[in-house]
Amino acid sequence: MSKPPDLMQGTLDLLLLKIIALEPQHGWAISQRLGQVSGRELQVSDGSLYPALHKLELAGWITAEWKTGELGRRAKFYTLTPAGRDRLEQETEEWRRLSSAIARVLRVKEV
Amino acid sequence: MRRWMYAFRARLRALVRRKHEDSNLNDELAFHLAMQARANQAGGMGRFEAERQARLQLGGLEQTKERTRDVRPLRATETFLQDIRYAVRLLRRSPGFAAVALLTLALGIGANTAIFSIVNGVILRPLPYPNPDRLMFLTTQFRPIFMQFWVSPPEYMEFQELNRSFASVGAFATGESNLTAGDAPRRVRTAFVDEHLLKALGISAARGRLFAPGETDTTARPGAPGPPPTAAVAILSHELWQTAFGARPIVGERVEIDGRRREVIGIMPPGADVMDNRTEVWLPLGLNRANRQNRGNHYLYLVGRLNDDVTQQAAEAELNDLMRQWSGRVGNNLHTFGMAGDGSQGHLLQMEPLQEEILGGARQSIWVLQAAVGLVLLIACANLANLLLARAETRQREFAVRTAIGAGRGRLLQQFVIEGVVLSVAGGALGVALARVGVQWIVRAFPNSLPRTTEIGIDPFVLIFTLAVASMCGVLFGLAPFMQTKVKSLAAALKDGGAKGGTDATRHHLRRGLVVAEVALAVMLVAGAGLLVRTVYNLTRVDAGFDRSRLVTFELTLPQARYPQAPGRAQVYQSILDKLRVLPEVQGATAMSGLPPSRPVNANSTTLEGYTPKPGDTAIVDYYQTVGSAYFETMGIPIVLGRSFQPIDSATPGAVAIVNETLVNTFWKGQNPIGRRLRPCCSDQTPWLTVIGVAKDVKQGGVDQKTGSELYFFLDETAAAAAPIGFAPQTMNVVVRTALPLTALSPVIDRVVRETDPTVPIVRLRDMDGVFAESIRRPRLLAQLIGGFAALALLLAAIGTYGLLSYMVAERRREIGIRLALGSDRASVLTQVMTQGLVLTVAGLLIGLAGSFGVTRLLSSLLFGVEPTDPATMAAVMATIVAVAMVACWLPAWRASRLDPIVALRDE
């Protein structure tokens, strides 16, 4: 099985914001959800997941709350803050511009 | 802006509730692992495998925790504090190690702090005047004899008028005075100044006022006998006002100084002084501005303040121009400035920054001290690096475990350095305490050996220096173990039995190198100390020309106001000498105007029969000495030709004189001086004296200096004679030859002087050995301090050698045990271990000796009677080093040879 490609710098934040935007999630679920949604193409290594989540939290894009999760255990659920929602839109827009620009370049026919 | 609220809350939580956040992180990751394990199990794994895979997927639980914590705010500060706490805990757990390390550091850093506070107070700190770099010290030169000489009043006044470079130029002379405060007379240090000097220095009064313009000039017409009378005013130093007058309001009151009542017009601010004179009383100088005679009467020092836009070079250029035109501009051809044709008798005016002049020769001595303590500190650091290396090896397992649970190499480095810095800063704090005591001791033990001692102290700048030095040391010896530590895999370290790292041979290279370096540094210090000790020994062994054993001396000053006439003064001296002579324990007593071996030069132009000086030149006799009866007999100065003064000389007409060998060799070489005549300074009316004897040379101006020419006057005779030769000094040094110790004689002298005149203080009562010790105080200071530092260096190097050998022996216990068990000879074990240590010592010794040849050359100007490469000293140094090394090596070697093989083998 080939390893999923490393995520481009900065895109992990965008993806995490997006997944959390779908619904408040705990870390493990976020990682699972990312795998599912991307059709196993994108995988965040578990070791990078938590530092990234904590960074987003410290930046104020997401906030967290302790609730009872599966297995009846305490789990930390992350929610988007209003600022995070704005940030997500902004970054999504950025990403679209960037990817369409790349796509345009790649469409140029070779002579 | 809501975002900031969330961010702020999260950051605050991370900072304030650090423990809580940690446990939350644990829970969060534990939950993740549980979920992942469940998922893995669902995928068909066994329970244990599922959990293991979950941990692997996470990339290690502890590593992930560490990386997550790393994103927290102020993470660097947090780990920093954590490392400090850890380092302190570690030190507390091994108090023996901590004590040795702290003591070593405290000594090393303390010595550096103490000496640096001297460097700071004496050399670096600017003089306590406004814009002190503008101040120049001006003196004259009479080549080639007196490279630094006083200025005469006419020269001073002319320079004041001619120069354009200086904003103001003032003059001063220094001396001592009898001050009557309360019922006990006391001797105080006096500066005679004019108002221009105070202006040049920029001093203003703390209370009252300073001298007004014209107030410092003489009040008498010129030509009156005795020192020029001045306005009856005085200014007191802050310190004298505190100690002698209890800081009571005194401005406007009168005090008695040298028998004359003077009004105190002002109090100086604390620390105000001129040329490090430690002035207590400031008196008017008493120049007569109308009188430009007596060009040869040199007794002034000048201090000038340069104009703001004039450099020292420009001022010197102007001065050189001035000297060329001097005669023409002042309308005087005699005794003005300029180079003589053959360069032998150039009379020049010269300038030097005031601070340079105050420092004098002390600068080099102080830097030598600083260099020496620097070496001591290097040795201390090498020792600590070695200690930490040894400890690092026993901590391999700890490092491996820490790496395994997420500490990066950078984090380990940070921890090493912090451990080093924690040690060295604690050591530094102890060192500052030691330095405080040390500096006080140095200043007390060597009060006059250094200039500006009142300004030596531990100030914030010194503390910054100490902190910097301590931190640098910490980083240095903190790095050493890090370079050595190649963190092995957890498995390897744990398998190794954990306690120790591998024992490959190359591992000891660094540690051996450190010990060799320590020995080499110690050798250099010991060599320097050896040379300086030899210097002091040589200085004490110089033949001063008289017998200085069992000789007690003190100084008497009879104030002009109370004893205006020479015969009256001579009578007091004679009466005191007579009373002393009849004491049963006293073999002899006499008096002299200038006390050898370090009296100031009082060079005088002298006319000598049968000697014709070069044109435009005069014969200068370096010392005029007025002596009491039985002088040569009491002092034990041999008369090599003719006879000494006899009581009859004072009654017979015609004055007589005695000269020393140097005078004869200088002016009457190869002639018989007896019966020749000479005429002392300073006028044509002075009668001729007939030479009746030649005395052996006495060291007057320093035991390490060439003997000057000397002319002896007989007090009994000169005091009774008419002017201008009629003369009795106001200050005489009494000497008493006695078997009694100083303490026993002191009350007797006190009684005798009191009986004669209770207002005359006894000053500087001490034995002649003390006078000699005082005369070589700077070499003694250097020899004693450097000697102390060398001993410390030697001790540290010995501890270093001992420590390394002990460690190597401990490491080889098993091997030695096996060899002993197999029948190896105990003696051969002992030899082998000792050889190991001595090889290091010899290597260090050779490197150190090579270094010494370079280093000691820098000392050569501080040495006397010994070459920087003196073979005897070097041999003694080698013997000392080898002897100390033998002891240091023998202990571990002996312990190795006594090893019980059974115990050694069972240990492992």
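Each reported figure results from applying straightforward, stated rules to the coordinates on display, with no laboratory input. Being a predicted model, the structure only gives us computed values, none of them experimental. Here Cβ is always computed from backbone atoms with ideal geometry, including for glycine, and neighbour counts include all displayed protein chains.
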Prolate/oblate/rounded label for segment A:26-68 (Cα gyration tensor, a/c 1.5): prolate
Whole-Å distance, taken between Cα centres, linking segment B:575-632 and segment B:420-480: 47
Alpha-carbon radius of gyration plus Dmax, which is the widest Cα pair, for segment B:646-789 in Å: 19.7, 62
Dimensions (Å) - chain A, Cα atoms, principal axes, largest first: 62, 37, 20
Interchain or long-range residues, amide H under 5 Å from B:Thr219's placed H: B:Thr230, B:Ala231
For segment B:704-802, the Rg and Dmax computed from alpha carbons only, in angstrom: 22.6, 78
Length released on extending from B:Asp459 to B:Thr743, taking residue separation times 0.36 nm less the Cα-Cα span: 98.3 nm
Gain on full stretching of the segment that runs from B:Ala30 to B:Ile648 - 0.36 nm per residue minus C-alpha separation: 210.9 nm
Rg/Rh for segment B:1-140, where both radii come from Cα atoms and Rh is the Kirkwood radius: 1.35
The protein assembly as shown - share of DSSP beta bridges that are antiparallel (%, nearest 5): 80
Kirkwood-based shape ratio for chain B, expressed as Rg/Rh from alpha carbons: 1.12
Degrees separating the helix B:75-93 axis from the principal Cα axis of chain B, which is the longest one: 80
Rounded tilt (10° steps) of B:312-330 against the dominant C-alpha axis of chain B: 10
Computed over segment B:112-220, Kirkwood Rh from alpha-carbon pairs, angstrom: 17.2
Inter-chain shielding of B:33-41 (mean C-beta neighbours from other protein chains, 10 Å cut-off): 3
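Let me know the Kirkwood hydrodynamic radius for segment B:782-908, please, with Cα pairs as the basis and the value in Å to one decimal.
Roughly 16.6 Å, rounded to one decimal.
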For B:Cys381, B:Cys681, order by how many other beta-carbon atoms lie within 10 Å, fewest first: B:Cys681, B:Cys381
Approximate spin-label separation B:Asp133-B:Ala317, in nm, with each point projected 7 Å along Cα-to-Cβ: 2.0
Residues of segment A:32-70 with amide N under 14 Å of a point placed 7 Å along Cα→Cβ from B:Ala39: A:32-50, A:70
Per DSSP, loop trypsin sites (Lys or Arg not before Pro) in segment B:125-204 with at most 14 further Cβ within 10 Å: B:Arg164
From phi via Karplus (6.51, -1.76, 1.60), per-residue ³J(HN,Hα) for segment B:548-557 in Hz, x at Gly/Pro: 9, 7, 6, 10, 10, 9, 8, 10, 10, 10
Helix-only CD estimate at 222 nm, as mean residue ellipticity for chain A, using -39500 (n - 2.57) per DSSP H run (n ≥ 4): -19000 deg cm²/dmol
Relative contact order, percent, chain B [alpha-carbon distance under 8 Å, six or more residues apart]: 14
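Give me D for segment B:2-52 in µm² s⁻¹, whole number, from Stokes-Einstein with Rh from the Kirkwood sum over alpha-carbon pairs, 20 °C and 1.002 mPa s.
166
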Protection proxy ranking, peptides B:210-218, B:713-721, B:823-831, average beta carbon neighbours within 10 Å, highest first: B:713-721, B:210-218, B:823-831
Backbone HN-Hα couplings from phi across segment B:598-610 [Karplus 6.51/-1.76/1.60, Hz, Gly and Pro as x]: 9, 8, x, 5, 10, 4, 9, 5, 9, 9, 10, 5, x
FRET efficiency estimate (nearest 0.05) - Cβ-Cβ, B:Arg541 to B:Val640, R0 22 angstrom: 0.55
Cα-based helix-to-principal-axis angle, B:826-857 vs chain B, degrees rounded to 10: 40
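Mean projection of the alpha-carbon convex hull of the protein assembly as shown over all orientations, in nm²?
For the protein assembly as shown, averaging the hull's shadow over all directions gives 66.2 nm².
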Ranked B:Trp282, B:Trp441, A:Trp95, B:Trp668, criterion: other C-beta atoms within 10 Å, fewest first: B:Trp441, A:Trp95, B:Trp668, B:Trp282
Segment B:26-98: C-alpha gyration tensor shape, a/c 1.5 cut-off, then a/b vs b/c: prolate
Partner chain coverage, peptide A:22-35 - average Cβ within 10 angstrom: 2
Pair B:Ala883, A:Thr11: separation of 7 Å Cα→Cβ label points (nm): 8.0
Longest site-free stretch - chain A; sites: GluC sites (Glu not before Pro), DSSP loop, at most 15 other Cβ within 10 Å: A:42-109
Euclidean distance of C-alpha centroids, segment B:83-152 and segment B:768-789, integer Å: 19
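Of B:Val519, B:Val310, how do they rank once you tally other Cβ atoms within 10 Å and put the fewest first? Please report the intermediate quantities before stating the final value.
On the way: B:Val519 30, B:Val310 16.
The fewest-first ordering by Cβ neighbours comes to B:Val310, B:Val519.
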Estimated vicinal HN-Hα couplings, Hz - segment B:422-434 in sequence order (Karplus 6.51, -1.76, 1.60; Gly, Pro = x): 4, 4, 6, 6, 5, x, x, 4, 4, x, 4, 4, 4
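R0 = 35 Å: FRET efficiency of B:Thr219 with B:Lys669, Cβ-based, nearest 0.05?
0.15
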Full-extension gain in nm, B:Thr612 to B:Val839, via 0.36 nm per residue minus C-alpha separation: 74.8 nm
Shielding by partners - mean other protein chain Cβ count within 10 Å, residues of A:69-80: 3
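Stokes-Einstein at 10 °C, 1.306 mPa s, Kirkwood radius from Cα pairs: D for segment B:592-688 in µm² s⁻¹?
It diffuses with D of about 107 µm²/s by this estimate.
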Residues whose placed amide H lies under 5 Å from that of B:Glu176, excluding near-sequence neighbours: B:Thr190
